[in-house]
Amino acid sequence: QLQLVESGGGLVQAGGSLRLSCAASGPTFSNYYMGWFRQAPGKEREFAAAVTWNGAWTYYADSVKGRFTVSRDNAKNMVYLRMNSLKPEDTAVYYCAATPTTSYGRSEAYNYWGQGTQVTVSS
């Protein structure tokens, strides 16, 4: 069983950058694809990015491709989301999640979720 804790959110101006971190506790972290989802007020939770078990492959939603970078460090049980060129529409609560499947884009496939961290981008 995994426990996930996100950090690194905050308020940033448009065009700025933030790095989110997700600390995982549990002995089987490297067995999971790790994903980042986000939920804006009044909207459904949406997929943002994911990374495979060993970090070799990454996947992104079209809305963040080229601006966000997901990575992981299995030795430290950490996942990161580097967000550059932030836009006001990136404002959301960002969640870290873990899935034992390869269905990285579907929130239903994820077994474990963090509590979320707020990212607010001002114009």
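The values are calculated or read from the model by the stated rules, or taken from the named source; none is laboratory data. Just so you know, these numbers come straight off a predicted model, no measurement behind them. Reconstructed Cβ throughout: ideal geometry from the backbone, glycine too, with neighbour counts over all protein chains shown. Each accessible area value is taken on the protein alone, full model and side chains, heavy atoms only, with ligands, DNA and RNA left out. Shrake-Rupley method; radii C 1.70, N 1.55, O 1.52, S 1.80 Å.
Can you confirm whether residue 9 is under 13 Å from residue 117 (Cα atoms) and touching a residue at least 60 places away in the same chain (Cβ under 8 Å)?
Yes; evaluated as a whole, the condition is true for this residue.
Mind checking which residues of segment 13-31 are hydroxyl-bearing (Ser, Thr, Tyr) and either free of Cβ contacts under 8 Å to residues at least 40 places away in the same chain or open to solvent by 30 Å² or more (accessible area, probe 1.4 Å) (or both)?
Correct list: 17, 25, 28, 30.
Restricting to segment 80-119, what's the tally of residues that are part of a strand (DSSP E or B) and either exposed (fewer than 15 other Cβ atoms within 10 Å of the Cβ) or touching a helix residue (DSSP H, G or I) at 6+ places or on another chain (Cβ under 6 Å) (or both)?
Qualifying residue count for the region: 2.
Looking only at segment 1-12, how many residues end up being over 19 Å from residue 53 (Cα atoms) and open to solvent by less than 30 Å² (accessible area, probe 1.4 Å)?
Selection size over segment 1-12: 2.
Within segment 75-94, can one find any residue that is under 17 Å from residue 23 (Cβ atoms) and out of contact with any strand residue (DSSP E or B) (no Cβ under 7 Å at 6 or more places or on another chain)?
Yes, the conditions are met somewhere in segment 75-94.
Can you spot a residue in segment 51-58 that is of a type in the set (Phe, Trp, Tyr), within 17 Å of residue 104 (Cβ to Cβ) and touching a residue at least 40 places away in the same chain (Cβ under 8 Å)?
Within segment 51-58, not a single residue is of a type in the set (Phe, Trp, Tyr), within 17 Å of residue 104 (Cβ to Cβ) and touching a residue at least 40 places away in the same chain (Cβ under 8 Å).
Could you please let me know if residue 45 is among the charged types (D, E, K, R), crowded, with 16+ Cβ neighbours inside 10 Å and in contact with an Asp or Glu (Cβ under 9 Å, 6 or more places away or on another chain)?
Working: among the charged types (D, E, K, R): yes; crowded, with 16+ Cβ neighbours inside 10 Å: yes; in contact with an Asp or Glu (Cβ under 9 Å, 6 or more places away or on another chain): no.
The answer is no for residue 45.
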